Amino acid sequence: MAAHQEKKLAEERKHQNIQNDTKASQGQWGRAWEVDWFSLASILFLLMFAPLIVYYFIMSCAQYQCSLTDPLLDLLTGNKHLSDIWNRTPMLTYRAAAIYSLWVTFQVFLYVSIPDFCHKFLPGYVGGVQEGAVTPAGVVNKYEINGLQAWIITHVLWFANASFFHFFSPTIIFDNWIPLLWCANILGYAVSTFAMIKGYFFPTNAKDCKFTGNFFYDYMMGIEFNPRIGKWFDFKLFFNGRPGIVAWTLINLSFAAKQQELYGEVTNSMILVNVLQGIYVLDFFWNEAWYLKTIDICHDHFGWYLGWGDCVWLPYLYTLQGLYLVYHPVQLCTAYATGVLMLGLLGYYIFRMTNHQKDLFRRTNGNCRIWGKKPEYIECSYLSVDGTKYYSKLMTSGFWGWARHFNYTGDLMGSLAYCLACGLEHMLPYFYIVYMTILLTHRCLRDEHRCSSKYGKDWKRYTAAVPYRLLPGIF
């Protein structure tokens, strides 16, 4: 009898442990279930001030030749009032609304209506229908990977117009830059609000939704994990990649065209910015299938943070270097320009090769060679929401043996190169490296907190084997 009761108690404890592990696993993906005061304060700050930050940067270029201090000095000394600055700001126009509506509609058409054909003739490119990572509810979504195709079609049409058709000027984006900002804000808020309503009333998968009961947190961080309309229109994949990142290189080309129009030449600094950022954009679309395994798709819910951020923050603040060079053309000496180019290419090499090593390791389940030898790794396990046990391997060799997020290190090197291409006279172009440092450091901490909850003791073994996050020997 005693043995029977002891066995029964052991089984109950085991069942309770599984329930606890399952409950813990629900918090390991995506955002929080509960909101602390610090998180709420941070979210309220971003909701109130992020749109103002974007406006301030763009207004500073349009009215103060990209000076970040002169607007504040004017206001503090009484030389100007807020109404003076606002009255000089271009408002929303029918032309800008038509341009932006046509742009977004065209990108939606390319996304949902033309299956990928690039993977059929480009060796090494992975496109077409691909599977994403398993969601907290155990769902594996399928995606139509056709971003590279959309980018190529869009840019072929852009250059065809600039060279032959002349339906519009290549400076059209710069010429309507602030009116287009209002259009981007309208879309960003509209899609974020729609996503929240959808999460409450008609979610794609109710088991992959999170509700905190706090309106501001749910609006900012999102409720649905993978909101979709129909079978293929996935909000996260579309807004993360299109229309903002496809537009990134078009925006830079428009800035270069404006520089040519104003000064009769395109400076080597503008060429550097176009080339280095163009490489990054092309890399994103070439590896769009790999992107399905990144933090944005695998962990973030879709809310204002991604919806508004992809529509407004990304295209307007990631392109500050090109905008600055329209107002302040910089011709770099050959040695300096070469150094910036080398830094950017080295950063890209580290970024790409680090991600390639991880992707190769995952695809082959560790049956590959990294730097000429079999990779080392730590085996881990975790539970999904339904209690299913999964196994994973964390690599501890190659670049991943140097630091746990060495791909971010390469990304930061490239970001610094974009800024250095603008010279050293103004602060504004350097916002990008400051922002990226904060963003990627925060991502490191978010990712590691999630992995610690997900893998438990196995994560401690991993961090002991790879002690540094970004900079070997330092951090």
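A count restricted to segment 121-145 and to residues that are touching a strand residue (DSSP E or B) at 6+ places or on another chain (Cβ under 8 Å) and not in a strand (DSSP E or B) stands at 3. Only one entry of TYR336, TYR418, TYR430 meets the criterion of being over 29 Å from ALA464 (Cβ atoms) and outside the structural domain of GLY456 (by the TED database), and that entry is TYR336. Considering the conditions (1) farther than 27 Å from TYR418 by Cα; (2) crowded, with 17+ Cβ neighbours inside 10 Å; (3) not polar (S, T, N, Q), TRP402 is excluded by exactly one of them, (1).
What are the residues in segment 66-97 that are part of a loop (DSSP other than H, G, I, E, B) and surrounded by fewer than 13 Cβ atoms within 10 Å (Cβ to Cβ), if any?
THR69, GLY78, ASN79, HIS81, ARG88, MET91
For segment 290-311, the set of residues classified as assigned to a helix (DSSP H, G or I) and either among the aromatic types (Phe, Trp, Tyr) or open to solvent by 40 Å² or more (accessible area, probe 1.4 Å) (or both) consists of TRP290, TYR291, TRP304, TYR305, TRP308, listed by residue number. Note on segment 123-137: residues that are open to solvent by 30 Å² or more (accessible area, probe 1.4 Å) and either touching a helix residue (DSSP H, G or I) at 6+ places or on another chain (Cβ under 8 Å) or within 19 Å of ILE229 (Cβ to Cβ) (or both) amount to 4. When GLN107, GLN63 are checked against the criterion of being surrounded by 15 or more Cβ atoms within 10 Å (Cβ to Cβ), in the same structural domain as LEU181 (by the TED database) and not basic (Lys, Arg), a single residue qualifies: GLN107. The residues in segment 438-457 that are surrounded by fewer than 16 Cβ atoms within 10 Å (Cβ to Cβ) and among the hydroxyl-bearing types (Ser, Thr, Tyr) can be counted, and the count is 0.
Could you tell me whether any residue of segment 246-253 is under 16 Å from the mean Cα position of the chain (by Cα) and among the aliphatic types (A, V, I, L, M)? Spell out the reasoning first.
First, pick out the residues of segment 246-253 that are under 16 Å from the mean Cα position of the chain (by Cα): 246-249.
So of that shortlist, the ones also among the aliphatic types (A, V, I, L, M) come out as 246-247.
Yes, there is a match, as at least one residue in segment 246-253 is under 16 Å from the mean Cα position of the chain (by Cα) and among the aliphatic types (A, V, I, L, M).
When the test is whether a residue is open to solvent by 40 Å² or more (accessible area, probe 1.4 Å), within 25 Å of ASP296 (Cβ to Cβ) and at pLDDT 90 or above, TYR418 does not pass it.
Taking the listed residues LEU314, LEU282, LEU323, the one that is open to solvent by less than 10 Å² (accessible area, probe 1.4 Å), under 29 Å from ALA190 (Cα atoms) and in a helix (DSSP H, G or I) is LEU323, with no other qualifying. In summary, helices (runs of 4 or more DSSP H) completely within segment 169-254 and bearing 3 or more residues that are more than 29 Å from TYR327 (Cβ to Cβ) and assigned by the TED database to the domain that holds TRP313 occur at 177-201, 215-221, 235-241. Output the residues belonging to segment 152-167 that are open to solvent by 40 Å² or more (accessible area, probe 1.4 Å) and among the aromatic types (Phe, Trp, Tyr). Answer for segment 152-167, where residues must be open to solvent by 40 Å² or more (accessible area, probe 1.4 Å) and among the aromatic types (Phe, Trp, Tyr): PHE159, PHE164, PHE165, PHE167.
The values are calculated or read from the model by the stated rules, or taken from the named source; none is laboratory data. These numbers come from a predicted model, not from an experiment. Because the Cβ atoms are built from the backbone with ideal geometry, glycine has one as well, and the counts that use them run over all protein chains shown. SASA here: full protein model, heavy atoms, side chains in, ligands and nucleic acids out. Shrake-Rupley method; radii C 1.70, N 1.55, O 1.52, S 1.80 Å.
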